[in-house]
Amino acid sequence: MLTLVSCNEKKDGIVFESKKVINDNFYGLGVEVGVYEDTGKLQRGAEEKIYNSLDRLNPKLVRCMTNFDWLVKNFSDNKTPDNLEDDTWEYDFTNKYMLNAYQILDYCETKNITVAFGIWNVIGNPNEEEDIYHMIKNVTADPRWAVMCGDLMEYLIVKKGYTCIKYFVNTNEPDYSGAKGSSKNAYNTYAIWEQGVKNVRAQFDKIGLTNLDIIGGDATTKPGIEEYLTGVATNLKNEVKNYGVHLYISNYDIDNALLKERVADTYSMIKKLDGNDSKKVIIWESGLLDGKNVQTDCNAYIANFSYGIRMADYTLQCMMSNVSGIVYWDLDDAMHFMYNEGGMTAKEWGMFSTLNEASAIKQEYRPWYHSSSLLTNLFDRGCKVISANTEIENVRMIGSIDSDGQNGGYVVVNRGKTDLTKDFRMDASINNEKLYIYIFSENQIKLDANGFVTYNYCIDGKISDYTNITVPANSVVVVSTRRL
Amino acid sequence: MKRKLLSILLVLLSVLSLVGLVGCKNTKDEFDEKGRLKLNLRNLYFNEWTGGDAYTDFLEEKFGVAITPTTYSYADWDQQVYGPVQANNLTDVFQFNLDSYNFSNSYVNWVKGDVIKAIPDNLDKWPNIKATLAKVSNIDQFYINGKLYCLPIIKDLSNIDTEYSPFTYVYRRDWAKELGVYKENDVYTWAEFEALLDSFLKNKSMGGEVAALGDVEWGYPSITNFYKTAPHCFAIAGDGTVVSNYTTAEYLEGLEKAKLWSQTGNKQYYGLSQYDLNDGDAAKKYYAGRIGVYYENLSLANYTTLRKKVGENKAIDTKEKLDDATAIMKVYGPDGKYHLEGTENWFSATFFNEDISNAKMEKILDILDYLLSEEGTMLAIYGFEDYDYTVDANGNVELSEAGWEKDLDGEYIDKLNGAKYLRYMITLGNDTSEMDPLTDKDSLRILNAWKAEIDQAKEANKLVVLKERGDVKWLTTTLKARDSGGMLEDANAKITQYCYGKITKDAYLANFNTKQWQDVLKEINDALKK
């Protein structure tokens, strides 16, 4: 039951305090929408579903990756592959992968979504005997890499006009080296990657892409994150204006709020090295480790409600430790595949699947799509992230005020075993008339006729007044002055 | 023909690798920003596990280490070990498939070349490791000048005396029942086995689409197991001398049977062209119902996979149907006995880079000893007590809802638990299958029942275990070390070629009377006389 009460301060009331600012310019939450590796496997109507889903999700950040192997042509015709100055290759900007990329970028451009666009790996065959390009060993330090990256980004930003692309990803998870012969990253080291970033930066500057930032890291392993962030903070002060990581976390760490500490520790390490707080941390891939099948690269947890609750908890813990943006991995099972002797199998990490072969239940929106939709919509680009006046065991809370100050809201994640009933308010001067209240729990989630999450209650009242709210055990409650 | 072996190239690489060892330098210990000792560990079973999970974090905190795990691809495992040996950039710990074919050529040479570091003589500080090593079969073979240079990875601490492998037949009991050739409890005499294959061939072949009998690629022709007296290259003749296994009268009898049963023979039970199957093809055909009797390594992992894949067939929609489609067959050979290949109670071994400090080695041994302890085992199987599980007053484990959720099919969802992966450096953990929530209990139950029956047969002297004599298997002589891996691979090729009529009997026999075979056999026999 919800009750509005006066704004006189209450002893046990919870106040989201506009002066307790964690982040005064939050970039937003988003999702990975990679170039689809085989659009021929999609079900009829997939495209409509994908973009309708994105409309509801309303991401502020999108990470989109492609492959040079799909794009670069006539590279093999080089008579002298060891000639690193050779730039006689060509590009096929009209193949199906690029057409798919344009579709995604058109959408992002229209919706004013900030995009990190990048290349999964260097070009070539990881098997040395079959690698005619000779880029595998030098990885991104190969000077041809910088030229290719410059050519591609110039084409996309200048010629195609995708000004939504603000970041470039200098290969995916460079710290995950894998095995020689089967991984394109096998020869990579931080030093090589750093040289690659310097080369790419110089190339971007040379062709006038001075505002295109390069992701500061994109590392994924624990030691890798430490090494790459340290390197970026100390050696790439001028070349890179951000810190980027991938973060996959155990349930235990989320349930016990250890993620918050871990991110805070990382932030403090960076600040110590960097000397200033101007460069922000963005998590470009986020997810849970438990449930991951290391052989198929699928996660069995994504179908469960708990994944949504934990990812919401994950989001809040990171935001409470001043992370400036989070991108969920990922939108659709149909985007990425695992390739092995038995053929290709979908990497199931998505919020749904548009694969033709997917079972009916996999085609449905998974619970975490709905919880993510609430958060991506609440935390607007440029919003101010504020904290509450108190802390409660097993509860994470955070408030948000839109950049124009006209709207706001708060999220309460109750990971306890009992319901939490409290009076909540925000001390901001927001002149709202209604409050939309959303409850994400297995028993109380409410979906509209389109299958999208909708509010459980809409009440008259101001966010600055106390509202008595019950947050059920193991649930997420979102309160907003805007309909999300 | 039981497993992939080193190619001659790899053998050469390993010899060459010694040249690169001259410049070995001890590396300094490195520490992370928290002052924890950095460890680089490599193991086949790490797969795509990259650390960073809560369980690895716990171990890192407990032991003051920072772990970076890496893995191998199975298909390229040997090469991925030899490469770093040659380049002198081994990880702190690595894993190698140390079977008899690369024992002397790699292990002994690595010891001589200071590639690998000896395990401390006194293991009192690590009682669980000490106790485990005491159970390793043929452990004496690993000592060189009184030093042990690896930790053999034990398969099953609770079944340490198992001396046979689960390489045997799984079959379509439902077909057998349908055709009236089923025998109670899946036990078949040789004649009944042939009658079943006859019936499958006549009634199920669908114009050659379905094979009565099929072998996993490395296992062809499995029926020679019922005739031969040794598993691989070397057999013992009546006078006690070592001879080629492939030209003994017993082997040739089995070979002729295989030829008769193969696609170009008169009976054609082997309805597939085993000649040109790629790895994994035979299994896929069994999953798809295109093989009636299938020879495979029925390890728990393989058998679980097989049952899962067969169960994906829409027609197999009940547990009873699945059991009938994946039943394990027990076949008495022409001599009235079961025949199974012998095995060691360990598979592969963990090695320590010679360059690492004693402190680092001790740290790794500390971790492994802990993971063998009851507490460490519980961590590896269940996770954290009071989060993932609780133990009641009677010692019963109860899994928590937060720690162990189930998927939409009602199966427990796997946890990414670094302790479980790290434990693979010292044991494959088959002993924990029973307690592991992720184990397919039906597969385990069926395999355990099969094992119990085989053990009974052993007691009743109705089991032949094909084992190579220890003094031959582990003998380290120059030519044997250099050539035997290649000789085995070559023999496998010639056997298949002969069974498919690609070479004559004379050409087949001549292959085992070459100067290489003569020299190797002479060297072995001379060494054994000393």
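Listed cross-link partners B:Lys259/B:Lys522; B:Lys155/B:Lys480; B:Lys204/B:Lys314 are compared with a 25 Å cut-off, the Cα-Cα value being larger for B:Lys259/B:Lys522; B:Lys155/B:Lys480. With bins 10 Å wide beginning at 0, the percent of Cα pairs of chain A falling in each bin runs 4, 20, 30, 25, 14, 5, 1, 0.
For the stretch B:138-248, taking Cα atoms only, Rg and Dmax work out to 20.2, 62 Å respectively.
Shielding of A:244-250 by partners, i.e. mean partner chain Cβ atoms within 10 Å per residue? Mind dumping the intermediate values first?
Values: counts 0, 0, 0, 1, 4, 3, 13.
For this peptide, the per-residue mean of nearby foreign Cβ atoms is 3.
Taking packing as the residue-averaged number of other Cβ atoms within 10 angstrom, the listed peptides B:131-141, A:298-308, B:260-270 run from highest to lowest as A:298-308, B:260-270, B:131-141. In this Cβ point-charge picture (+1 for Lys and Arg, -1 for Asp and Glu), the protein assembly as shown has a dipole of about 560 debye about its Cα centre. Highest mean first, the peptides A:456-466, A:321-331, A:423-433 sorted by other C-beta atoms within 10 Å per residue fall in the order A:321-331, A:423-433, A:456-466.
Using R0 = 22 Å, the C-beta based FRET efficiency linking B:Asp506 and B:Thr241 works out to 0.40.
Distance between the 7 Å Cα→Cβ label points at B:Lys125 and B:Val397: 3.0 nm. For the stretch A:113-137 versus the stretch B:187-210, the inter-centroid distance based on Cα atoms is 51 Å. The base-10 log of I(q)/I(0) for the stretch B:396-530, evaluated at q = 0.11 Å⁻¹, reads -0.80 [Debye formula, identical scatterers on Cα atoms, solvent excluded]. Of the residues A:Thr171, A:Gly124, A:Thr266, the one whose Cα sits farthest toward the positive end of the charge dipole of the stretch A:27-382, with +1 on the Cβ of Lys and Arg and -1 on the Cβ of Asp and Glu, is A:Thr266. Seen against the Cα atoms of chain A and their longest principal axis, helix A:190-206 is set at about 90 degrees. A Cβ-based charge dipole, computed about the Cα centre of the stretch B:73-151 with Lys and Arg at +1 and Asp and Glu at -1, lands at about 240 debye.
Spatial offset of the stretch A:203-262 relative to the stretch B:84-152 amounts to 40 Å, using the alpha carbon center of each. In plain terms, the chain from B:Glu320 to B:Glu178 could stretch by 49.7 nm, reckoned as 0.36 nm per residue minus the Cα-Cα distance.
Ranked highest first by the average count of other Cβ atoms within 10 Å around their residues, in what order do A:112-121, B:460-469 fall? Mind dumping the intermediate values first?
Details: A:112-121: 22.1, B:460-469: 15.7.
Descending mean neighbour count gives A:112-121, B:460-469.
Each Lys or Arg adds one and each Asp or Glu subtracts one; over the other residues with Cβ under 13 Å from the Cβ of B:Met206, this totals +3.
Rounded to a whole number, what is D in µm²/s for the protein assembly as shown from Stokes-Einstein with the Kirkwood radius over alpha-carbon pairs (20 °C, 1.002 mPa s)? In µm²/s, the coefficient is 68. Based on Cα contacts under 8 Å between residues 6+ apart, chain B shows a relative contact order of 24 percent. Pairs from the list A:Lys292/B:Lys309; A:Lys166/A:Lys206; B:Lys330/B:Lys406 with a Cα-Cα gap above 24 Å: B:Lys330/B:Lys406.
Against chain A, whose longest principal axis is taken from its Cα atoms, helix A:305-320 shows a tilt of about 90°.
Legend: residue pairs B:Lys177/B:Lys467; A:Lys137/B:Lys285; B:Lys284/B:Lys494; B:Lys177/B:Lys494; A:Lys160/A:Lys241, Cα-Cα distance threshold 32 Å; pairs beyond threshold, B:Lys177/B:Lys467; A:Lys137/B:Lys285; B:Lys177/B:Lys494.
When chain A is described by a simple charge dipole with +1 on each Lys and Arg Cβ and -1 on each Asp and Glu Cβ, the residue from A:Thr114, A:Ser324, A:Gly208 located farthest towards its positive end is A:Ser324.
Based on the Cα atoms of chain B, what semi-axes does the equivalent ellipsoid have, where each is the square root of 5 times one gyration tensor eigenvalue, given in whole Å with the largest first? Working shown, then result.
Working: eigenvalues 313, 211, 75 Å².
Semi-axes, largest first: 40, 33, 19 Å.
Taking other C-beta atoms within 10 Å as the exposure proxy, B:Asp414, B:Asp323 rank B:Asp323, B:Asp414 from fewest upward.
In this rough spin-label picture, where each label sits 7 Å from Cα along the Cβ direction, the B:Arg469-B:Asp114 distance is 3.9 nm.
What is the calculated FRET efficiency for A:Ala202 to A:Asn468, with r their C-beta to C-beta distance and R₀ = 56 Å, to the nearest 0.05? Walk me through the numbers on the way to the answer.
Numbers: r = 59 Å, r/R0 = 1.05.
Taking R0 as 56 Å, the efficiency between A:Ala202 and A:Asn468 is 0.40.
Would you work out the charge dipole size for chain A about its Cα centre, treating the Cβ of every Lys and Arg as +1 and the Cβ of every Asp and Glu as -1, and quote it to the nearest 20 debye? Could the numbers behind the result be given before it?
Working: 50 positive and 66 negative charges, 291 e Å.
Around 1400 debye, computed over chain A.
Once the Cα atoms are used to define both axes, helix A:258-274 deviates from the longest principal axis of chain A by about 60 degrees. Pairwise Cα distances in the stretch B:421-487 exceed 18 Å for 66 percent of all pairs. Residue by residue along A:287-296, Cβ atoms of other protein chains within 10 Å of the local Cβ number 6 on average. Taking the Cα centre of each part, how many Å lie between the stretch A:169-199 and the stretch A:409-484? Taking the Cα centre of each part, the stretch A:169-199 and the stretch A:409-484 sit 44 Å apart. Between the listed residues B:Ser484, B:Ile381, A:Thr354, the Cα displaced farthest toward the positive end of the dipole of the protein assembly as shown, a dipole computed from Cβ unit charges relative to the Cα centre, is found at B:Ser484.
Take the Cα of B:Thr264, step 7 Å toward its Cβ, do the same at A:Glu47, and the gap between the two points is 5.4 nm.
Per-residue mean of other chain beta-carbon atoms within 10 angstrom of the beta-carbon, peptide B:45-58? Write down the numbers at each step before the final one.
On the way: counts 1, 1, 3, 9, 3, 13, 5, 13, 10, 12, 3, 3, 6, 2.
Across the residues of B:45-58, the mean count of other-chain Cβ atoms within 10 Å is 6.
Straight-distance candidates among the lysines for linking to A:Lys462, with alpha-carbon spacing under 17 Å and chain neighbours fewer than 8 residues away dropped: A:Lys10, A:Lys422, A:Lys434. Computed over the stretch B:205-356, the P(r) curve from all C-alpha pair distances, binned at 10 Å from the origin, holds 10, 31, 32, 18, 7, 2, 0 percent per bin.
Each reported figure results from applying straightforward, stated rules to the coordinates on display, with no laboratory input. Bear in mind that the values here come from a model prediction, so they are computed numbers and not experimental data. Note that each Cβ is placed from the backbone with ideal geometry, even for glycine, and that neighbours are counted across all protein chains shown.
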